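Inspection log for the structure reproduced underneath, given as C-alpha cells.
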Amino acid sequence: MLQDFLSLLFPEICNACDQPLARGERYICTECNVKLPYTDLHLPGATELNYLQQRFWGKVPVRFAFSYLHFRSKGRVQRVLHKLKYKGAQELGEHLGRRYGTLLAEHGYAAHFDLVLPVPLHRLKLRRRGYNQSDGFAKGLAEALQIAWSSKVLERAIDSDTQTKKSRLDR
Ligand SMILES: [Zn+2]
C-alpha cells in the first residue's frame, strides 16, 4: 500500500525510455527489454569470426569478443549509457551485467573465463565522477557467471578525454 502510494508520487522510470515502470518492472520496462538492440554475438556461428573480434586482429590474440548491445545515438542504449555514466546508476549496471552473464552462462561460456576485469577509468576521471560505470556491469556479469571480478588489476595510464574522436565501437 505504502509502496503503491510512493510509486504514485515518485514513479520509477525506465532507464531506456524514461517512461514510468509498471508494477513488477525494475530498471528497464518490458517493451524496452524486447526492443533493445542486442548484438547476439554469443549465438553459435556469430562467435566464430565476428566484427568485434576483427578489431583485435594484429593487436592482441582474443578467443571471444562479445558486446551486449549495439550503440545507437539518440536511442535506448544512449539513454542507458548516459545514466550509467552520469547519473550514478550502478545498480542498473549490475542488473545489465547479471542479465548478460546469465545469457552467456546459458550458452555454456562460463567455463571459459576466470576473472572479469572492468575497463578502468583514469584516476582523475574516477575522482571527478566518483565511480567507474564499468564496475557495476563487471560485478553483475561475474555474479551470473559465478566467477570473480576485480577493479584493482588494470589501471588506465592515459586520460582518454584527450582522444577527441571516439568511434561508436570504442564506446
Ligand atoms: Zn522503457
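The values are calculated or read from the model by the stated rules, or taken from the named source; none is laboratory data. Since the model is a prediction, treat every value here as computed from it, not as a measurement. Using ideal geometry, Cβ is built from the backbone for each residue, glycine included, and neighbour counts are taken over all protein chains shown. What goes into the accessible areas is simple: the full protein's heavy atoms, side chains included, and nothing from ligands, DNA or RNA. Shrake-Rupley method; radii C 1.70, N 1.55, O 1.52, S 1.80 Å.
Rounded to the nearest whole Å², what accessible area per residue is found for the range 37-158 with the 1.4 Å probe?
On a per-residue basis, 61 Å².
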_Once you order the gyration tensor axes a ≥ b ≥ c over the Cα atoms, which shape class does the range 21-128 get: rounded for a/c under 1.5, otherwise prolate or oblate by comparing a/b with b/c?_
oblate
*Quick one: with all protein chains in place, what share of the accessible area of the range 37-158 is carbon or sulfur, to the nearest percent (1.4 Å probe)?*
54
*Which loop chymotrypsin sites (Phe, Trp or Tyr not before Pro) in the range 52-140, with loop taken from DSSP, have no more than 13 other Cβ atoms within 10 angstrom of their Cβ?*
56, 57
*Global form of the range 106-152, assessed from the alpha-carbon gyration tensor, a/c cut-off 1.5*: prolate
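Once R0 is set to 45 Å, what does the formula 1/(1 + (r/R0)^6) return for the Cβ-Cβ distance between residue 155 and residue 22, expressed as a FRET efficiency to the nearest 0.05?
Result of the calculation: an efficiency of 0.60.
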*Taking 0.36 nm per intervening residue step and subtracting the Cα-Cα distance, what contour gain separates residue 107 from residue 85 on full extension?*
5.0 nm
*In this model, which of 35/85; 59/125; 35/87; 87/152; 59/139; 85/139 are farther than 19 Å apart at the alpha-carbon?*
35/85; 59/125; 35/87; 87/152; 59/139
